[in-house]
DNA sequence: TAGAATGAGTTGCGAACGCAAGCTATTTGG
DNA sequence: CCAAATAGCTTGCGTTCGCAACTCATTCTA
C-alpha cells in the first residue's frame, strides 16, 4: 500500500488535478479503494480532495512540497528521528523534511518540545498530546506560513538546544548549503546561533542545485541526512567541508 | 440570506452535527440551496462539512466559537473596523470577535499590519494581500492556536501601537474585565503594555458572566464595543469604571 | 496444523453532490 | 414604463460518495 501511495503522489504531483476514477483504473483497483487511499493521503496533509478529484495543494504550501519525493523525505525524517530521545527539546526549521520529522516525532516519541518558526509545523502536530510547540515570533510569510525577520532572532536568543534541524535548497562546493529565500536563510542563522549542532535534512536531488542565498553558518558543527542517491562527487565535496553524511 | 445563515448557525451550534436534508426541510428550501449556504459558511470558517452533514468545529477552536452569536460578533467587528484607517498597524488578541475584526479588515482595508498572538488569525487572513501579519512568539496552545507565556512579553516589547483589540470572557463590577484562561490573560497584559489604548470587543451576553481571571490593566485607557442588548445595570457599572461604551 | 482473527480489496445500493438549465421576482436603465 | 439584467431558488440528470456485506489471502495462536 505504501507502494501505491507513492505512485499516487507522483501522478498527482505531475498533473495537479486528477480524477479519482482515472487513478483507480491506472493503478488497477476499485474506486472505493482509491478513495480510501486518497482520504488517507489527505489526512496526512499531502493532497486535497474535491468531489471526484484529487488535487495538489498550493506548491508554495508545505503540504504541496511534501508530496514531492515523499518516500525519500519520509526515510530521511525517520532516520533523523533516531537522534531525538524522549523528553528532548529540539529546534526545527520550516523545510518540508523538517515538517515530516515533526510528524514522525509526534507519532513515535513522548514528551517532546519542538521550537520552530513554522506555523505549519505547529498546526501539523497539533493533534499529538506528546509534543508541545513553541512558535518563534516574526513576520508571517503568507505562502509558507513561516516566521521570518528580526523578531525571530530576538525569540531564538531565549533558547539554547542541542540540535537544530533545517532543510536546504542546494549545495555549492566551497560555499556550503544554500537557500532560495533570503528571509528564511536569515531565520536559519538566527536559530543556529542557539543550537550546538545543526542537522541538515535534504533529498539527494538538491545536491545538483544551487539556491541563490548561501546559508553561511561558519564554525558550526554540521551534519546532513540524505537519501542513497547522492553522487560520490558531492559526498566528497561534503567531506572536504567537514560535513558528516548519513544515508537514510 | 443573511437571515437564513444565522438560523443555520444557531441550529448547528445547538446540535453539533445536522443532516443537510433536515436543514433544507426546516428552512423550507431545496437541498441544493442549503448546500450552497453551507459551503459559503464553511468558506468563512464557521462550520465544517461532511458528506451529508454540517458540523460545528471543535468549540475550543476559534472557528467553533465564531459560529456562536455570529451576527452580534460581526456587527461588533464592523464597528471596530471603523477605528482603523488604511495603512495602520494594530495589535489584535485571540478572541473570536478579534478574529472577525481581522477578517473584516482584510476584506475592506488596504495595507494594514496586524500584530497578533493568534496563529488562527494569521492563517484566517492569509488570503488577503492587504494585510501583513506579525505573529508574536510563545508557547503554542494546542486547542486555541494561541501563543502564550513569557516569550509573548519579550516579543510584544518590540512594538508600540495606538490600539490593541482584545476579547473578554466576563465583567465584574469594581474588578474589571475577566478572562477564563490565565495564560491568555497574561498574554493580554503583555500586549497591552505596548499599546496606548485597549479596545474590548465582546457580546453583551458576557456581561452577566465572570471569568475566573481578572484582566487587570490598571491605568490603561479602555473602551468597549458591544451589542445593543447590554443591560443598563452594566452600562452604569462600566461608566463608573471610566470605560466608554460603544454600541455596534 | 486447524481455526480464528486480521487486513486489503470488491460489489451493490441508496443518498449526496456538482453542474447546467429553467423559473420567478426584483432591480436597473434608456 | 417597459425591456434587459441580475439575484435567488428549484428541477433534472449523471456522477461520486459512504456504508455494509462479502471474498480472499495472511497472520496469529492454541
### Task
With just the Cα atoms of the stretch A:67-247, tell me how far they stretch along each of the three principal axes, in Å, largest first.
43, 33, 29
### Message
Assume the label is 7 Å from Cα along Cα to beta carbon: what separations in nm does residue A:159 have to the matching positions in the other copies?
### Response
2.0
### Query
If we hang a label 7 Å off Cα along the beta carbon direction at residue B:108, how far is it from the matching labels on the other copies, in nm, shortest first?
5.1
### Summary
For chain B, averaging the sequence separation of alpha carbon pairs under 8 Å that lie six or more residues apart and dividing by its residue count, the contact order in percent is 14
### Message
Under the rule a/c < 1.5 gives rounded, and otherwise a/b versus b/c splits prolate from oblate, where does the protein assembly as shown land using the Cα gyration tensor?
### Response
oblate
#### Entry: Cα-based helix-to-principal-axis angle, A:70-81 vs chain A, degrees rounded to 10
40
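Give me the percent relative contact order of the stretch B:59-171, please, defined on Cα pairs under 8 angstrom at least 6 residues apart. Don't skip to the answer; put the middle values down first.
Working: 189 pairs, mean separation 30.2, N = 113.
In percent, rounded to a whole number, it is 27.
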#### Entry: Cα long-axis angle, helix B:96-108 against chain B (0 to 90 degrees, to the nearest 10)
80
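Peptide B:63-71: average number of partner chain Cβ atoms within 10 Å per residue?
Numbers: counts 0, 0, 0, 0, 0, 0, 0, 0, 0.
For this peptide, the per-residue mean of nearby foreign Cβ atoms is 0.
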### Task
Could you tell me which residue in chain B puts its beta carbon nearest the axis mapping B onto A, with the distance rounded to whole Å?
B:137, 2
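Output the peptides A:63-76, B:26-39 sorted from most to least packed, where packing is the average of other Cβ atoms within 10 Å over each peptide's residues.
Numbers: A:63-76: 21.6, B:26-39: 14.9.
Averaged packing, sorted descending, gives the order A:63-76, B:26-39.
Using helices alone, what [θ] at 222 nm do you get for chain A, with -39,500 (n - 2.57) per DSSP H run of 4 or more residues, divided over all residues and rounded to the nearest 500? Could you put the intermediate results ahead of the total?
Numbers: 10 runs with 98 residues, N = 248.
Taken over chain A, the calculation gives -11500 deg cm²/dmol.
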### Task
Mind checking B:143-150 for the average number of partner chain beta-carbons within 10 Å of each residue's beta-carbon?
2
#### Entry: Label geometry 7 Å along the beta-carbon vector: residue B:71 inter-copy distances in nm
5.7
### For B:117-130, mean number of other protein chain Cβ atoms within 10 Å
3
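What is the antiparallel percent of DSSP beta bridges lying wholly in chain B, to the nearest 5? Provide the component values of the computation, followed by the final result.
Values: 15 of 40 bridges.
Just about 40 percent of them are antiparallel.
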### Message
Please report the antiparallel percentage of the DSSP beta bridges confined to the stretch A:150-248, to the nearest 5.
### Response
25
### Task
Based on the mean of other Cβ atoms within 10 Å per residue, sort peptides B:186-193, B:8-15 so the most packed one is first.
B:186-193, B:8-15
### Summary
For chain B, longest principal axis from Cα atoms; helix B:31-43 axis from its Cα atoms; angle between them, nearest 10 degrees, is 20
### Summary
Given B:223-236, B:143-156, the highest-first ranking by average Cβ count within 10 Å works out to B:143-156, B:223-236
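What shape does the stretch B:34-84 take by its C-alpha gyration tensor, where a ≥ b ≥ c are the square roots of the eigenvalues and a/c under 1.5 counts as rounded, a/b above b/c as prolate, and the rest as oblate?
Working: a/c = 3.06, a/b = 1.91, b/c = 1.61.
Prolate shape, in that a/c is at least 1.5 and a/b is the bigger ratio.
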### Task
Pull out a ≥ b ≥ c, the square roots of the eigenvalues of the alpha-carbon gyration tensor of the stretch B:2-56, then state rounded if a/c is under 1.5, prolate if not and a/b is larger than b/c, and oblate in the remaining case.
rounded
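Coordinate-derived values only; no laboratory data. Being a predicted model, the structure only gives us computed values, none of them experimental. Methodologically, a virtual Cβ is constructed for each residue, glycine included, from the backbone with ideal geometry; neighbour enumeration extends over all protein chains shown.
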